[in-house]
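One structure is given below, encoded as structure tokens.
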Amino acid sequence: MARSFYPDPQRRAVLGALAALPCLGLPRILAADDQAPDLGPAEPFDFNRLIERARELSQRDHSPVQPKAPELLDRIGYDEQQRIQYRPSAEINAGGHYGVRAFHLGSYAQEPVVLHLVEDGQARRIQYDRRLFAYDEVQVSSELPPDLGFSGFRIMHPDGARDWMAYQGASYFRSAGPLDQYGLSARGIAIDTAYPGGSEEFPRFTTFWVELSGETVIIYALLDGPSVTGAYRFDCRKGGEAITQDVRAEIFQRDSVERLGIAPLTSMYWYAEQERGPDWRPEIHDSDGLAMWTGSGERIWRPLNNPPSLQVNSYLDENPRGFGLLQRDRRFANYQDDGVWYNRRPSVWVEPKGDWGRGRVQLFELPTDDETHDNINCYWVPEESAEAGRQWRFDYRLHWVDEEPYKPESVGSVRATRLGRSGVPGQSDSTDPNGCKFVIDFEGGPLGELEQRYDVDVVVEVSAGEVQNPYALKVVDSPYWRGVFDLILGPRTEGPINLRCYLRLDGRTLTETWQYQYFPEQHNHRTA
């Protein structure tokens with residue numbers, strides 16, 4: 001069967017721009033002709049019907065949706081799309097706690113999606129009408145066809161002032177989290193991300209059904225792509241400390257793929273405390289690390305990198321308890337950004353339900369030189385091959401949170417990673433030009449009751465080089481314990497160098513495992 005793909009760098013940039021759209025718009029002043037959208041005839045609907053529709057669709061050739069009036073949509077750029085707003089008085093609300101507003105199509109979102117409202121087991125299509133939007137002097141409005149369609153939708157707070165969840169672009173969706181600030185995104189599925197010699201495929205949520213059931217919003221979605229189809233159900237709940245989505249994904253393969261990514265997350269990382277960034281702001285990132293809770297119970301923290309070239313790392317596991325891209329650093333002083341508020345960006349934790357079997361958490365990192373492109377991906381890859389005709393079911397819960405939902409109590413967590421010159425500070429003759437000092441701060445768990453002492457072991461494993469001068473101490477007037485060591489390499493050793501570290505006392509593990517990839521060529525204190 002023929003397969004079609006989108007060019008990866010261009011497509012990722014477009015989707016990154018799309019992901020920024022939901023959180024920037026503000027309600028416009030209403031016109032006199034504001035009205036609710038028309039609804040189509042009622043048809044029976046439930047999730048089993050959607051599963052069968054996805055199954056039947058997988059047995060037919062993929063037929064991409066064609067944009068209507070692409071020459072007009074090309075004139076609706078990023079700024080123009082920001083000015084086009086769904087009229088608040090036309091908000092869709094079937095007596096539930098929250099309302100729905102649609103997104104307009106534009107140059108970054110030309111493929112329309114179909115929206116339905118579900119009530120009492122009956123679905124009615126939400127009819128497009130350009131009068132549902134305020135165009136704020138965007139000149140193409142009078143030329144748009146009457147059946148243009150929508151690009152996605154968002155879920156509004158009860159007061160209608162802001163949204164807290166949005167679906168737009170391919171299978172991307174995201175939440176503003178408990179701190180009311182958008183950041184990273186999730187996806188329905190990832191196909192052949194960073195696979196050598198291949199091209200990433202971006203299946204789309206082509207059709208949605210939204211059920212506004214009290215304080216729970218249930219979103220059903222039909223996925224369609226060259227290699228897969230799928231039926232998805234999202235039970236979305238907004239609480240005070242977290243927004244959760246219980247996800248059921250039924251996936252059908254039209255064609256074989258090399259890499260099937262389940263529960264994918266997409267984020268941005270430019271630099272943090274371990275690097276010297278080019279911007280005046282101390283740190284710029286939506287997420288600062290990948291956290292994992294393995295099936296065997298080990299807690300792992302992997303600080304993110306802005307590597308010199310594409311890096312793909314896999315972490316083998318069986319029935320993982322959870323993983324996620326987190327923003328652990330919540331101090332404004334460490335970002336100094338009162339415009340886009342990186343300290344408020346949500347963390348997302350994936351909690352698998354049922355038996356996921358053997359597989360791997362895969363982390364994908366691309367180099368970047370600014371904050372406008374998503375360059376981080378992670379997802380679960382099942383061990384079993386993803387062959388044509390295969391059917392999968394995955395159940396999981398997404399936690400959009402400030403703090404990770406299952407913080408380890410038996411071990412301390414990594415709070416900061418810093419890199420610098422090896423040797424003793426102030427003694428330049430002790431510095432090895434081919435060395436690097438690693439300083440890791442831990443907090444919590446048994447460390448909270450541990451007074452200053454000097455027999456805590458810093459356990460370090462490295463894939464190259466020699467570890468020198470390891471020691472641990474409690475930082476004065478703080479809750480942190482600090483592990484410190486030097487890594488000395490050969491003069492021509494190149495990265496990546498893999499490192500592991502944790503603190504131990506009398507054979508007892510005190511902290512989660514810190515894992516890191518070091519690229520010596522990126523650190524300017526090193527000699528040629």
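Got a number for residues in segment 402-441 being open to solvent by 50 Å² or more (accessible area, probe 1.4 Å) and assigned to a strand (DSSP E or B)?
2
Just give me the residues in segment 219-230 being part of a strand (DSSP E or B) and either among the small types (Gly, Ala, Ser) or in contact with a helix residue (DSSP H, G or I) (Cβ under 9 Å, 6 or more places away or on another chain) (or both), in sequence order.
Tyr220, Ala221, Leu222, Leu223, Asp224, Val228, Thr229, Gly230
What pairs come out if I take residues in segment 111-134 that are within 21 Å of Ala42 (Cα to Cα) and open to solvent by 30 Å² or more (accessible area, probe 1.4 Å) and pair them with residues that are among the acidic types (Asp, Glu) and in a strand (DSSP E or B) whose C-beta lies under 7 Å away, six or more apart or interchain?
Hits for this filter: Gln122/Glu43.
For segment 461-479, which positions are assigned to a loop (DSSP other than H, G, I, E, B), open to solvent by 70 Å² or more (accessible area, probe 1.4 Å) and either in contact with a Leu (Cβ under 6 Å, 6 or more places away or on another chain) or modelled with pLDDT of 95 or more (or both)?
Ser463, the sole residue that qualifies.
Scan Ile189, Ile243, Ile251 and give me the residue that is aliphatic (A, V, I, L, M) and over 19 Å from Cys378 (Cβ atoms).
None of the others qualify; the one that does is Ile243.
What's the number of the condition Thr513 fails, among (1) under 28 Å from Pro278 (Cβ atoms); (2) open to solvent by less than 20 Å² (accessible area, probe 1.4 Å); (3) of a type in the set (Val, Ile, Thr)?
Among (1) under 28 Å from Pro278 (Cβ atoms); (2) open to solvent by less than 20 Å² (accessible area, probe 1.4 Å); (3) of a type in the set (Val, Ile, Thr), the lone unmet condition for Thr513 is (1).
Hey, does segment 198-212 have a residue that's hydroxyl-bearing (Ser, Thr, Tyr) and modelled with pLDDT of 95 or more? Even if it seems obvious, please write down each step before you answer.
Of segment 198-212, the ones hydroxyl-bearing (Ser, Thr, Tyr) are 199, 206-207.
Subset that is modelled with pLDDT of 95 or more: 206-207.
Looking for residues that are hydroxyl-bearing (Ser, Thr, Tyr) and modelled with pLDDT of 95 or more, one finds at least one in segment 198-212, hence yes.
Quick check on Gly121: is it touching a Phe, Trp or Tyr at 6+ places or on another chain (Cβ under 9 Å) and at positive phi?
Here the answer is yes, as Gly121 does meet what is asked.
Which numbered condition trips up Val456, out of (1) more than 30 Å from Ala231 (Cβ to Cβ); (2) surrounded by fewer than 18 Cβ atoms within 10 Å (Cβ to Cβ); (3) out of contact with any Ser or Thr (no Cβ under 7 Å at 6 or more places or on another chain)?
Single failed check for Val456: (2).
I'd like to know if segment 183-206 contains one or more residues that are over 17 Å from the mean Cα position of the chain (by Cα), in a strand (DSSP E or B) and among the β-branched types (Val, Ile, Thr).
Taking every residue of segment 183-206 in turn, at least one turns out to be over 17 Å from the mean Cα position of the chain (by Cα), in a strand (DSSP E or B) and among the β-branched types (Val, Ile, Thr).
Please work out which residue is nearest to Gln515 (Cα to Cα), limiting yourself to segment 443-460 and to residues that are of a type in the set (A, V, I, L, M, F, W, C) and in a strand (DSSP E or B).
Restricting attention to segment 443-460, the residues satisfying the condition of being of a type in the set (A, V, I, L, M, F, W, C) are 447, 450, 456, 458-460.
If we keep only those that are in a strand (DSSP E or B) as well, we get 458-460.
Numbers: Val458: 13, Val459: 12, Val460: 10 Å.
My answer is Val460.
Being part of a strand (DSSP E or B), in contact with a Lys or Arg (Cβ under 8 Å, 6 or more places away or on another chain) and either on the phi > 0 side of the Ramachandran plot or buried (at least 24 other Cβ atoms within 10 Å of the Cβ) (or both) is the requirement here; does Ala249 meet it? Break it down into steps so the answer makes sense when it comes.
Details: part of a strand (DSSP E or B): yes; in contact with a Lys or Arg (Cβ under 8 Å, 6 or more places away or on another chain): yes; either on the phi > 0 side of the Ramachandran plot or buried (at least 24 other Cβ atoms within 10 Å of the Cβ) (or both): no.
Spelling it out, it is not the case that Ala249 is part of a strand (DSSP E or B), in contact with a Lys or Arg (Cβ under 8 Å, 6 or more places away or on another chain) and either on the phi > 0 side of the Ramachandran plot or buried (at least 24 other Cβ atoms within 10 Å of the Cβ) (or both).
With open to solvent by less than 30 Å² (accessible area, probe 1.4 Å), over 20 Å from Val247 (Cβ atoms) and either under 16 Å from the mean Cα position of the chain (by Cα) or at pLDDT 95 or above (or both) as the only criterion, which of Gly444, Gly359 stands out?
Gly444
From the list Arg345, Arg302, exactly one residue is surrounded by 15 or more Cβ atoms within 10 Å (Cβ to Cβ), farther than 17 Å from Tyr182 by Cα and of a type in the set (Lys, Arg). Which is it?
So the residue among Arg345, Arg302 that is surrounded by 15 or more Cβ atoms within 10 Å (Cβ to Cβ), farther than 17 Å from Tyr182 by Cα and of a type in the set (Lys, Arg) is Arg302.
Out of curiosity, is Asn524 modelled with pLDDT of 95 or more, surrounded by fewer than 20 Cβ atoms within 10 Å (Cβ to Cβ) and under 17 Å from Asn305 (Cα atoms)?
No, not satisfied.
Given (1) touching a strand residue (DSSP E or B) at 6+ places or on another chain (Cβ under 6 Å); (2) within 30 Å of Ile51 (Cα to Cα), identify the lone condition not met by Glu384.
The one condition Glu384 does not meet is (1).
Report yes if Ser89 is open to solvent by 30 Å² or more (accessible area, probe 1.4 Å), modelled with pLDDT under 95 and under 30 Å from the mean Cα position of the chain (by Cα), otherwise no.
no
When residues of segment 362-401 are filtered for being out of contact with any helix residue (DSSP H, G or I) (no Cβ under 8 Å at 6 or more places or on another chain), open to solvent by 20 Å² or more (accessible area, probe 1.4 Å) and in a loop (DSSP other than H, G, I, E, B), how many remain?
Qualifying residue count, segment 362-401: 13.
Scan segment 271-292 and give yes if some residue there is outside any strand (DSSP E or B), under 18 Å from the mean Cα position of the chain (by Cα) and surrounded by fewer than 24 Cβ atoms within 10 Å (Cβ to Cβ), otherwise no.
no
Does segment 447-476 hold any residues that are under 34 Å from the mean Cα position of the chain (by Cα), under 21 Å from His523 (Cα atoms) and β-branched (Val, Ile, Thr), and which are they?
Val460, Val462, listed by residue number.
The values are calculated or read from the model by the stated rules, or taken from the named source; none is laboratory data. Bear in mind the structure is a predicted one, so any value in this text is a computation, not a measurement. When we count neighbours, we look across all protein chains shown, and the Cβ atoms used for this are built from the backbone with ideal geometry, even at glycine. Remember, those area values only see protein heavy atoms, side chains included, never the ligands or the DNA or RNA. Shrake-Rupley method; radii C 1.70, N 1.55, O 1.52, S 1.80 Å.
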